[in-house]
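S.K.: Dumping the structure here so I can ask a few things about it.
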Amino acid sequence: MSDASLDQLYKPHLQTLIRRAERSLAACGFDALVIHAGAPPVQFLDDQDYPFKVNPHFKAWVPIVDNSRCILVFSPGAKPKVLFYRPNDYWHKPASLPEGAWTTEVDVIATDDPAKASQHWDKLGRVAFIGPDAFAAGIEPTCLNPPELLTSLHYDRAVKTDYELECMRRASELGALGHRAALAAFRRGGSEYEAQMRYLEGCSQREEEMPYNNIVAYNENSAVLHYQHLDRKPPPALRSFLIDAGAQYRGYASDITRTHAAVPGRFAELVKATDTAQLALCAEIISGRDFRDVHLSAHRMLGDVMHGIGLTRLSGQDALELGVTSVFFPHGIGHLLGLQVHDVGGVMGDVKGHERKRPEGHPHLRLTRMLEPGVVVTVEPGIYLIESLLAAAHGDARRAHIDWAVVEELKPFGGVRIEDNVATTATRPENMTRDAFARVA
Ligand code: GLY
Ligand code: MN
Ligand code: MN
């Protein structure tokens with residue numbers, strides 16, 4: 001799809017946001033909405049900024065992700081306004097005014113003086129302001145990030161527009177390019193650091209543009225769920241490579257994990273069996289399904305994988321019931337994805353934000369909602385050899401159900417996770433990640 005076609009999807013996207021905003025504003029007693037893009041914090045005792053991360057509410061309305069201090073003003077019945085910050089600053093290059101075809105759907109107004117911004121909403125009645133407190137001077141506290149309004153907007157956000165889905169396909173494709181380049185670095189014997197550098201180059205994004213900190217882990221490091229280092233030297237032996245890395249397109253994220261074995265053997269078989277189970281779980285992303293059931297299904301399937309590979313001595317169902325699967329699979333099977341990698345609203349049962357409880361014993365599941373067309377989720381089963389969890393199981397009744405010799409054999413490989421981004425449709429699920437890998441192959 002060309003950029004022009006993507007821009008054609010922007011108008012109906014904006015109309016959907018307008019409809020949702022109008023309903024939420026009316027329900028919460030507001031007349032208008034002002035969204036501040038935010039600004040990067042300054043480092044302590046320094047004059048350097050941290051990387052800028054735009055307010056997700058702002059980038060939902062307009063694809064401006066790299067210019068701080070912009071403001072969106074929306075009042076029902078009027079064209080949305082974007083106050084586009086262009087300071088008179090000779091130390092930095094002011095951002096250029098946006099130019100895409102989408103800009104005709106909003107009024108873009110260049111501004112260099114934030115102090116004058118409020119003239120654009122002074123006469124709009126009771127205005128809800130969404131953004132960091134630091135930019136809410138003069139805003140009445142009850143109008144600043146009103147919880148009821150945020151809840152309503154967050155709930156609606158789970159269902160993506162066609163424009164958002166297309167942005168996410170593109171984010172997946174960028175991620176697939178990065179994954180391909182990083183794998184080549186691993187195969188050449190490059191370090192974690194080198195794999196990360198090749199990843200960024202492969203998807204043409206800088207580190208601060210990543211939707212989350214990439215996890216680039218070799219060998220035992222793959223057992224650390226959010227491993228954050230990048231070893232500069234390759235280890236003496238390369239056994240396994242787990243890479244969890246995404247990309248963004250117009251502010252929408254992909255979140256992709258692949259695991260590779262360097263040598264044949266039990267770990268390579270574990271990766272293959274996990275991949276097969278992962279695909280079966282992706283097929284469960286269908287409208288009308290409770291995501292909590294997908295999570296429990298994952299425990300059963302992964303329990304069977306553990307059994308098949310020789311790690312455990314009981315069926316997946318029994319392993320789930322006895323808490324054995326959680327030793328090796330301690331996180332949720334997935335989460336909402338979109339403007340944020342862990343998108344908001346995952347445990348809301350309705351627009352008022354009533355909680356849909358997690359299954360007992362599964363405190364880390366981030367998504368408990370019913371699936372419906374347009375909802376995009378990750379499906380990310382994993383099996384890891386994590387010292388602290390293994391020690392706990394060794395110390396209780398679960399010890400008898402685990403083959404500790406196989407545990408020792410697999411520990412040097414760390415763990416496996418396979419993660420795809422899947423869109424719920426009215427019919428069969430759309431696996432954005434597998435589709436993207438196929439396109440870049
Ligand atoms: N990359 C973070 C996650 O998979 O949830
Ligand atoms: Mn994820
Ligand atoms: Mn991930």
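S.K.: What number of residues in the range 350-371 are within 19 Å of residue 156 (Cβ to Cβ), open to solvent by 60 Å² or more (accessible area, probe 1.4 Å) and of a type in the set (Lys, Arg)?
M.R.: 2
S.K.: Also, I was wondering about something else. Quick test for you: out of 379, 347, pick the one residue that is within 23 Å of residue 159 (Cα to Cα), within 14 Å of ligand 2 (Cβ to nearest atom) and touching a residue at least 12 places away in the same chain (Cβ under 8 Å). Step through it out loud before you land on a result.
M.R.: Numbers: 347 fails: within 14 Å of ligand 2 (Cβ to nearest atom).
379 is the lone residue from the list that is within 23 Å of residue 159 (Cα to Cα), within 14 Å of ligand 2 (Cβ to nearest atom) and touching a residue at least 12 places away in the same chain (Cβ under 8 Å).
S.K.: What number of residues within the range 88-105 are in contact with a Pro (Cβ under 9 Å, 6 or more places away or on another chain) and closer than 17 Å to residue 69 by Cβ?
M.R.: Pass one, the range 88-105, residues in contact with a Pro (Cβ under 9 Å, 6 or more places away or on another chain): 88, 94, 98, 100, 102, 105.
Filter again for closer than 17 Å to residue 69 by Cβ, leaving 88, 94, 98.
Counting residues in the range 88-105 that are in contact with a Pro (Cβ under 9 Å, 6 or more places away or on another chain) and closer than 17 Å to residue 69 by Cβ gives 3.
S.K.: Let me ask something else about it. I'm checking my understanding of the structure. Among residues of the range 223-246 that are within 20 Å of the chain's Cα centre (by Cα) and open to solvent by less than 40 Å² (accessible area, probe 1.4 Å), which one is farthest from ligand 3 (Cβ to nearest atom)?
M.R.: 227
S.K.: Just one of 292, 300, 313 is over 27 Å from the mean Cα position of the chain (by Cα) and open to solvent by 30 Å² or more (accessible area, probe 1.4 Å); which is it?
M.R.: The match here is 313.
S.K.: Does the range 361-368 contain at least one residue that is more than 16 Å from ligand 2 (Cβ to nearest atom) and assigned to a helix (DSSP H, G or I)?
M.R.: no
S.K.: Would you mind listing the helices (runs of 4 or more DSSP H) fully within the range 132-230 where at least 2 residues are without any contact (Cβ under 8 Å) to a residue 24 or more places away in the chain, aromatic (Phe, Trp, Tyr) and touching a strand residue (DSSP E or B) at 6+ places or on another chain (Cβ under 9 Å)? Walk me through how you get there before you give the answer.
M.R.: Working: elements: 147-157, 162-187, 192-203.
Output list is empty.
S.K.: Now, a different point. Against the condition open to solvent by less than 40 Å² (accessible area, probe 1.4 Å), closer than 19 Å to residue 407 by Cβ, within 16 Å of ligand 1 (Cβ to nearest atom) and among the polar types (S, T, N, Q), how does residue 325 come out, does it pass? Working first, answer last.
M.R.: On the way: open to solvent by less than 40 Å² (accessible area, probe 1.4 Å): yes; closer than 19 Å to residue 407 by Cβ: yes; within 16 Å of ligand 1 (Cβ to nearest atom): no; among the polar types (S, T, N, Q): yes.
No: the conditions fail for residue 325.
S.K.: Here's a follow-up. Is it fair to say residue 374 is surrounded by 14 or more Cβ atoms within 10 Å (Cβ to Cβ), touching a residue at least 60 places away in the same chain (Cβ under 8 Å), within 16 Å of ligand 1 (Cβ to nearest atom) and among the small types (Gly, Ala, Ser)?
M.R.: Numbers: surrounded by 14 or more Cβ atoms within 10 Å (Cβ to Cβ): yes; touching a residue at least 60 places away in the same chain (Cβ under 8 Å): yes; within 16 Å of ligand 1 (Cβ to nearest atom): no; among the small types (Gly, Ala, Ser): yes.
It is false that residue 374 is surrounded by 14 or more Cβ atoms within 10 Å (Cβ to Cβ), touching a residue at least 60 places away in the same chain (Cβ under 8 Å), within 16 Å of ligand 1 (Cβ to nearest atom) and among the small types (Gly, Ala, Ser).
S.K.: Just for the range 166-220: of the residues that are under 25 Å from residue 267 (Cβ atoms), open to solvent by less than 40 Å² (accessible area, probe 1.4 Å) and hydroxyl-bearing (Ser, Thr, Tyr), which one is farthest from the chain's Cα centre (by Cα)?
M.R.: Restricting to residues being under 25 Å from residue 267 (Cβ atoms), open to solvent by less than 40 Å² (accessible area, probe 1.4 Å) and hydroxyl-bearing (Ser, Thr, Tyr), the top hit is 191.
S.K.: Taking residue 359 as the residue in question, decide whether it is within 13 Å of ligand 1 (Cβ to nearest atom) and under 23 Å from residue 284 (Cβ atoms). Give the steps one after another, and end with the answer.
M.R.: Details: within 13 Å of ligand 1 (Cβ to nearest atom): no; under 23 Å from residue 284 (Cβ atoms): yes.
Criteria not met by residue 359.
Residues checked against (1) modelled with pLDDT of 95 or more; (2) within 16 Å of ligand 1 (Cβ to nearest atom); (3) touching a Lys or Arg at 6+ places or on another chain (Cβ under 7 Å):
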| site | (1), (2), (3) |
| --- | --- |
| 268 | yes, no, no |
| 276 | yes, no, no |
| 280 | yes, no, no |
| 299 | yes, no, no |
| 314 | yes, no, no |
| 338 | yes, yes, yes |
| 345 | yes, yes, yes |
| 369 | yes, no, yes |
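S.K.: Provide a single number: the residues in the range 296-327 that are in a helix (DSSP H, G or I) and touching a residue at least 12 places away in the same chain (Cβ under 8 Å). Steps first, answer last, please.
M.R.: The first filter runs over the range 296-327 and keeps only residues in a helix (DSSP H, G or I), leaving 296-309, 316-321, 325-327.
Still in the running and touching a residue at least 12 places away in the same chain (Cβ under 8 Å): 296-309, 316-320, 325-327.
Total meeting the criteria: 22.
The values are calculated or read from the model by the stated rules, or taken from the named source; none is laboratory data. Predicted model only: the values in this text are computed from it and were never measured. Neighbour counts run over all protein chains shown; Cβ positions are idealised from the backbone, glycine included. Protein only, heavy atoms only, side chains kept; ligands, DNA and RNA dropped before computing areas. Shrake-Rupley method; radii C 1.70, N 1.55, O 1.52, S 1.80 Å.
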